[in-house]
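Scroll down for the structure; my scribbles are underneath it.
The values are calculated or read from the model by the stated rules, or taken from the named source; none is laboratory data. Note that the structure is predicted; figures quoted are calculated from it, not measured. Because the Cβ atoms are built from the backbone with ideal geometry, glycine has one as well, and the counts that use them run over all protein chains shown. Note: areas computed on protein heavy atoms with side chains; ligands, DNA, RNA excluded. Shrake-Rupley method; radii C 1.70, N 1.55, O 1.52, S 1.80 Å.
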Amino acid sequence: MTNAYVLVEQIEGRVDPVTVELITAARVFGEVTAVVVGEPDTATAVAADLGAIGADDVVAVEVTGVYNRLILPAVDALHILAAQSPAPIIISANASGNEIAGRLAARLASGVLIDVVGINADRTAVHSIFGDTIEVSAAVGGAAPIYTLRAGAVEGVEVASTARLATLDIPVATAKDVTVNRFSPSTRGDRPELPAAKVVIAGGRGVGSAENFGEVLEPLADALGGAVGATRDAVDLEYYDGAYQIGQTGVTVSPDVYIGLGVSGAIQHTSGMQTARKIIVINNDEDAPIFQIADLGVVGDLFEIVPQLIEEINKRK
């Protein structure tokens, strides 16, 4: 019997690390059914991996041209499953996930909680609000309550099982459906995705230039297997792309290690990273507010310290 559904995040036959967190959160309800929406043979390629991280069942929803229909196939699949056998639904709290959740809530007449950082067996969930300074518990109603979970908020724990594989047919596209005739998918780099990264190297105004991001921050991120982020000031100054902005108007990160370089510590930025497990900062201004939340603070010139740090890290590999 299904006790919770999880919408799998995957790309090119690889399970995204955030899916481990989704399945871990869903296990408070019992057995987990992982729903894979993709092109033909997608589920077959990831079924074993999903079993290895804790899925008890895998439902394959495979349709040619599925990505040209945007989010509708995922909405249809979860709607059919939850209508037949109601159970909580857990989705990643990204742009598409939040929209899927809203549409499902309307179709199923169920409650929905967006961007939660924890889910409880009694179907309540935890929100982190006011710049992650306060946690509140929220209740949700309906036979199939829906949650979108913030990446990095729950520590993923793999519990191996042998997942049972099933298939599900969804309605074919109609003239009313929005379809994309042509698109160019973004190229995924070698670094982990920012919201799910275990190590984040963030740069602020103090980095000084776009060139310094490339010559100082990116090598440190690569040495540690981490992702690169930026403050709003750095983005406004065109030091780094806005897609990597951390904060109230950017993405929220909860890595194991956050390293801030030339970051002053404005609330706009710290609200998006202060849930990191370890916060390390390097700044030449000893009065910078970021030191107030740091586990380790270094007062000094980042352009002298970081190259030495990279050299030492590489020596120990």
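Check Val251: other-chain or 5+ apart residues with amide H under 5 Å from its amide H, H built from backbone geometry?
Gln245, Ile246
Can you pull the semi-axes for the chain, root of five times each eigenvalue of the Cα gyration tensor, sorted largest first, whole Å?
38, 21, 18
Calculate, in nm to one decimal, what Glu39 and Glu215 gain on full extension: separation in residues at 0.36 nm each, minus their alpha carbon distance.
Contour length minus Cα-Cα distance gives 59.5 nm.
How many nm separate the modelled label positions at Val126 and Thr249, each set 7 Å beyond the Cα in the direction of the Cβ?
Once both label points are built, they end up 3.0 nm from each other.
Sketch the reach of a paramagnetic label on Ala173 as a point 7 Å from Cα along Cα-to-Cβ, and name the residues of region 35-71 whose backbone nitrogen lies under 12 Å away.
Within reach of a label on Ala173, which here means backbone N under 12 Å from a point 7 Å along Cα→Cβ, region 35-71 contributes 63-71.
Sort 207-215, 146-154, 90-98, 307-315 by packing, meaning the average of other beta carbons within 10 Å per residue, with the highest value first.
So the order, starting with the most tightly packed, is 146-154, 90-98, 207-215, 307-315.
Can you give me the % of accessible surface on the chain that is carbon or sulfur? Probe 1.4 Å, all protein chains present, nothing else counted.
On the chain, the fraction of accessible area on carbon and sulfur atoms equals 51 percent.
What residues have an amide H closer than 5 Å to that of Gly260, excluding those fewer than 5 places away on the same chain, when H is modeled at 1.01 Å from N in the peptide plane?
Distant-sequence amide H within range of Gly260: Ala202, Ile280, Val281, Ile282.
Applying the Karplus parametrisation 6.51 cos²θ - 1.76 cosθ + 1.60 with θ = phi - 60° to the phi angles of region 245-254, what ³J(HN,Hα) value in whole Hz is obtained for each residue in order, glycine and proline being reported as x?
6, 10, x, 4, 9, x, 9, 9, 10, 9
Taking the Cα-to-Cβ direction at Lys278 and at Asp256 and moving 7 Å from each Cα, how far apart do the two end points lie in nm?
It works out to 0.9 nm between the two label points.
Dimensions of region 19-86 along principal axes (Cα, Å, largest first)?
33, 27, 18
For Lys315, go through the lysines and keep the ones whose alpha-carbon is under 29 Å away, minus same-chain ones fewer than eight residues off.
Lys198, Lys278
What full-extension length gain, to one decimal in nm, is calculated for Val157 and Asn98 as 0.36 nm per residue of separation minus the Cα-Cα distance?
Numbers: separation 59, 0.36 × 59 = 21.24 nm, distance 2.36 nm.
Fully extending the segment from Val157 to Asn98 adds 18.9 nm.
Could you calculate the contour length gain from Lys317 to Asn68, that is, 0.36 nm times the residue separation minus the distance between their Cα atoms, to one decimal place in nm?
85.3 nm
Which distance in Å, rounded to a whole number, links the C-alpha centroids of region 271-316 and region 62-132?
So the separation of the two Cα centres works out to 37 Å.
If you take the charge dipole of the chain about its Cα centre, with +1 on Lys and Arg Cβ and -1 on Asp and Glu Cβ, which of Gly38, Val257, Asn314 is farthest toward its positive end?
Gly38
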